[in-house]
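Shown next, in structure tokens, is the structure this report addresses.
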Amino acid sequence: MTASSVGARVWELAKKTFTVLGAITFFGGGLALIVFSLTCLTREGVPPKTVLEVRLEAPLAEGSGGDGLAELLGEAPRSLRATIDALDRARDDDRVAGMVAYLDASAGGMARAQDLRDAVLRFRESGKFAIAYAETFGEMGPGTQGYYLASAFDEVWMQPTGQVGLVGLMSSSMFYKGTFEKLDVEVLGDRRREYKNAFDTYTQRRYTPAHEEAVSVLLDDLLSQIHEGIAQGRGVPAQSVATWIEEGPYLGSAAHAHGIVDHLGYRDEVVAAAKERAGEGAELLFLERYAERSESSSGGAKKVALVYGVGAVTRGPSSTDPLSGSQSMGSDTVAAALAAAAADEDVVAIVFRVDSPGGSAIASDTIWREAVRAREAGKPVIVSMGNVAASGGYYVAAGATKIVAQPGTITGSIGVFAGKPNLRKLWNKVGVSFDSVATSSNAYAFSTVHGYDEAGWQSLQASLDQIYADFKSRVAEGRGLTDAQVEAVAKGRVWSGVRAQELGLVDELGGLYDAVELARAEAGVSRDESSLVVYPPSKGIIEKLLGGDDRDNSESVRAEQVRTDLTRLRAWAKAAEAAGFGPSAAEALRMPSLSADGGGLMP
């Protein structure tokens with residue numbers, strides 16, 4: 001589909017959306033019936049001999065997946081959970097002979113790659129084939145993570161002109177001290193403790209010994225996992241993989257000669273090979289279409305609640321940028337979801353999926369409290385960690401019954417930093433001066449044109465001490481560790497999932513699938529007896545426009561829903577304007593930019 005055709009379609013849909021909004025009072029029910037009928041009429045069955053096409057070139061979203069624009073454009077959700085669920089369903093479906101997956105240089109993060117690898121390996125255990133195809137694993141750039149995912153498949157194909165950017169790992173950080181010095185900006189603040197390295201980016205020119213140590217150990221852990229995974233997948237010794245990585249990157253012919261890829265060919269050739277493996281009469285079907293057309297087991301009446309905490313931890317409601325897809329973990333939304341799941345008599349266990357680098361200390365504490373209350377109500381709370389569950393992302397997990405992380409998850413960072421810039425000299429450079437009147441000296445504590453006086457500095461230190469002590473006490477209580485044991489693994493240091501398990505910060509290694517199975521085991525129910533239900537239930541755009549069944553009818557929730565819908569409509573109109581259609585639409589939907597309040601506990 002061309003950019004102009006997409007723009008035209010978006011513009012038409014935007015106009016139709018406004019029509020729906022105008023007529024919704026009278027025709028809402030009829031519209032819902034029409035949409036449902038059209039969906040049923042256009043849905044086809046699954047061919048008796050199916051080869052699934054799985055699109056993994058772009059990172060899959062955490063959460064329930066999909067947004068209003070995608071739904072109106074007819075795109076099925078492409079979330080990590082939906083992809084894994086569909087692959088697990090296909091594993092036991094006799095109509096599915098195998099799959100061909102389209103990959104790229106990245107898999108969207110190490111833990112996410114491991115979740116997908118696990119799903120592919122479960123699929124292959126049923127005796128079905130799985131072929132990975134990439135045009136290139138990096139084009140003049142790294143492709144180690146993408147190839148690591150590809151190694152879980154029984155065949156790896158690549159376009160003849162492609163490259164395999166199989167190289168070592170590198171972490172690079174930007175340091176702003178020199179810039180701040182040139183601008184006469186004074187960065188004031190402190191941290192708990194020496195491994196809380198995000199603070200270094202503002203106050204240092206290079207890695208401190210603690211910073212370098214933490215990053216080096218983390219990279220070594222991840223590289224070891226890559227060696228092991230590729231070696232198992234390709235059936236070669238780990239030392240051979242180490243040599244591959246040391247001598248990379250590779251052009252297509254060299255990659256084939258070394259056995260790094262099995263075949264060089266184009267997409268039409270790999271599709272033909274997949275259909276040949278499946279047998280005569282095989283048909284292709286995208287995984288999203290398969291998920292729509294295949295029947296999923298509804299399970300029993302008992303529920304395992306799935307609550308998502310994705311993005312920076314903030315106070316207020318969770319939010320999603322409709323264009324970038326970036327999300328925030330709002331304490332109002334997540335705490336309410338945990339509380340609702342705990343109060344639901346049909347819910348026997350809760351899986352809390354966390355993928356967050358941290359954020360507000362107060363918001364983290366709010367979410368932690370509801371996780372603890374759910375556990376105290378007799379509901380096992382199993383945390384499933386994604387790519388990152390560090391700082392505030394670990395705080396919210398600390399009260400869980402058990403924590404499950406992938407070996408490549410980045411977690412820990414039990415610590416805090418805070419402070420402020422003093423911008424007075426920068427403003428003075430451009431001729432701006434300041435004078436102030438205050439009722440007391442402590443009124444200057446949060447001013448960005450004043451430094452800290454002695455009392456203000458001591459107040460900052462007391463706040464950092466309190467937050468750090470609270471954080472450590474939550475971990476000690478939840479993990480059954482002594483204060484000394486927590487301090488030894490805290491100090492703001494990040495760990496890989498595999499090392500976190502060794503240190504007692506994580507119970508088991510695995511992905512979302514494993515966390516759900518563990519939740520069922522903790523609750524004493526089988527898969528047939530229970531179904532996985534997302535809390536709060538996700539809504540499609542049509543249901544939102546029709547004012548579906550709100551669990552919470554409070555004015556604040558309704559206002560947030562209106563704000564979200566208007567933000568999305570504004571985004572659609574901007575997309576239409578960018579494509580050359582209807583510039584007045586964006587003007588009609590102009591509204592003040594919305595910002596989230598955060599701070600305190602930072603990664």
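The values are calculated or read from the model by the stated rules, or taken from the named source; none is laboratory data. All values reported here derive from a predicted model rather than from experimental measurement. Quick reminder, even Gly has a Cβ in these numbers, built from the backbone with ideal geometry, and neighbours come from all protein chains shown.
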Notebook entry, point to check: Name the strands (runs of 3 or more DSSP E) wholly within segment 212-330 that hold at least 3 residues that are assigned by TED's automatic domain parsing to the domain that holds Ile410?
Noted result: 302-310, 312-314, 327-330
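Given the structure, is Gly309 surrounded by fewer than 18 Cβ atoms within 10 Å (Cβ to Cβ), within 30 Å of Ala371 (Cβ to Cβ), under 23 Å from the mean Cα position of the chain (by Cα) and modelled with pLDDT of 95 or more? Even if it seems obvious, please write down each step before you answer.
Values: surrounded by fewer than 18 Cβ atoms within 10 Å (Cβ to Cβ): no; within 30 Å of Ala371 (Cβ to Cβ): yes; under 23 Å from the mean Cα position of the chain (by Cα): yes; modelled with pLDDT of 95 or more: yes.
No: the conditions fail for Gly309.
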Notebook entry, point to check: Exactly one of (1) out of contact with any Leu (no Cβ under 9 Å at 6 or more places or on another chain); (2) hydrophobic (A, V, I, L, M, F, W, C); (3) under 22 Å from Val270 (Cα atoms); (4) at pLDDT below 95 is unmet by Phe129. Its number?
Noted result: (4)
Notebook entry, point to check: Any residue in segment 233-249 that is more than 25 Å from Lys491 (Cα to Cα), modelled with pLDDT of 95 or more and in contact with a Pro (Cβ under 6 Å, 6 or more places away or on another chain)?
Noted result: no
Next item on the list: Of the numbered conditions (1) loosely packed, with under 15 Cβ neighbours inside 10 Å; (2) over 29 Å from the mean Cα position of the chain (by Cα), Ala242 fails exactly one; give the number of that condition.
Entry: (1)
Checklist line | Enumeration of residues in segment 333-364 that are charged (D, E, K, R) and in contact (Cβ under 8 Å) with a residue 24 or more places away in the chain | finding: Asp344, Asp346, Arg353, Asp355
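This table checks each residue for (1) touching a Leu at 6+ places or on another chain (Cβ under 7 Å); (2) surrounded by fewer than 21 Cβ atoms within 10 Å (Cβ to Cβ); (3) over 30 Å from Met140 (Cα atoms).
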site: Ala254; (1), (2), (3): no, yes, no
site: Ala257; (1), (2), (3): no, yes, no
site: Val261; (1), (2), (3): no, no, no
site: Ala282; (1), (2), (3): no, yes, yes
site: Ala341; (1), (2), (3): no, no, yes
site: Asp346; (1), (2), (3): no, yes, yes
site: Arg353; (1), (2), (3): yes, no, yes
Next item on the list: Pick out the one residue from Asp470, Asp453 that is surrounded by 13 or more Cβ atoms within 10 Å (Cβ to Cβ), within 28 Å of Ala398 (Cβ to Cβ) and not small (Gly, Ala, Ser).
Entry: Asp470
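Looking only at helices (runs of 4 or more DSSP H) that lie completely in segment 444-503, which have at least 2 residues being in the same structural domain as Met385 (by TED's automatic domain parsing) and β-branched (Val, Ile, Thr)? Don't jump to the end; show me each part of the working.
Working: elements: 454-479, 483-489, 497-502.
Here the list reads 454-479, 483-489.
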Notebook entry, point to check: Identify, please: which residue in segment 489-510 is in contact with a strand residue (DSSP E or B) (Cβ under 8 Å, 6 or more places away or on another chain) and among the basic types (Lys, Arg) and is, among those, surrounded by the most Cβ atoms within 10 Å (Cβ to Cβ)?
Noted result: Arg493
Item checked: Filter pass, Val120 being buried (at least 19 other Cβ atoms within 10 Å of the Cβ), at pLDDT 95 or above and over 20 Å from the mean Cα position of the chain (by Cα) -> no
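Return the residues of segment 387-414 that are on the phi > 0 side of the Ramachandran plot and not in a strand (DSSP E or B); say none if nothing qualifies. Explain how you work it out, then say what you get.
Going through segment 387-414, the residues on the phi > 0 side of the Ramachandran plot turn out to be 391, 412-413.
Passing the criteria: Ser391, Ser413.
Of the residues Glu508, Glu522, Glu517, which single one is in contact with an Asp or Glu (Cβ under 9 Å, 6 or more places away or on another chain) and acidic (Asp, Glu)? It would help to see each step written out before you state the result.
Working: Glu522 fails: in contact with an Asp or Glu (Cβ under 9 Å, 6 or more places away or on another chain); Glu517 fails: in contact with an Asp or Glu (Cβ under 9 Å, 6 or more places away or on another chain).
Answer to the check: Glu508.
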Next item on the list: Considering only segment 281-306, state which residues are at pLDDT below 95, at negative phi and not basic (Lys, Arg).
Entry: Glu288, Ala291, Glu292, Ser294, Glu295, Ser296, Ser297, Ser298, Gly300, Ala301
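I'm trying to understand the selection: among the residues of segment 217-239, which are among the small types (Gly, Ala, Ser), without any contact (Cβ under 8 Å) to a residue 24 or more places away in the chain and surrounded by 17 or more Cβ atoms within 10 Å (Cβ to Cβ)?
Taking segment 217-239 as the starting set, the residues that turn out to be among the small types (Gly, Ala, Ser) are 224, 229, 231, 233, 235, 238.
After this cut, where a residue has to be without any contact (Cβ under 8 Å) to a residue 24 or more places away in the chain as well, the list is 224, 231, 235, 238.
If the condition is that a residue be among the small types (Gly, Ala, Ser), without any contact (Cβ under 8 Å) to a residue 24 or more places away in the chain and surrounded by 17 or more Cβ atoms within 10 Å (Cβ to Cβ), then Ala231 is the only one that fits.
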Check: Which residues, taken from segment 499-557, are aromatic (Phe, Trp, Tyr) and modelled with pLDDT under 95?
Finding: Tyr535
Check: Looking at Asp184, is it at positive phi and either buried (at least 18 other Cβ atoms within 10 Å of the Cβ) or not β-branched (Val, Ile, Thr) (or both)?
Finding: yes
Notebook entry, point to check: What number of residues within segment 399-426 satisfy the criterion of being farther than 18 Å from Arg193 by Cα, over 19 Å from the mean Cα position of the chain (by Cα) and surrounded by 24 or more Cβ atoms within 10 Å (Cβ to Cβ)?
Noted result: 2
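From Phe137, Phe123, which residue is closer than 15 Å to Ile230 by Cβ, assigned by TED's automatic domain parsing to the domain that holds Arg55 and not hydroxyl-bearing (Ser, Thr, Tyr)? Before the answer, list the steps.
Numbers: Phe123 fails: closer than 15 Å to Ile230 by Cβ.
Going through Phe137, Phe123 in turn, the sole match is Phe137.
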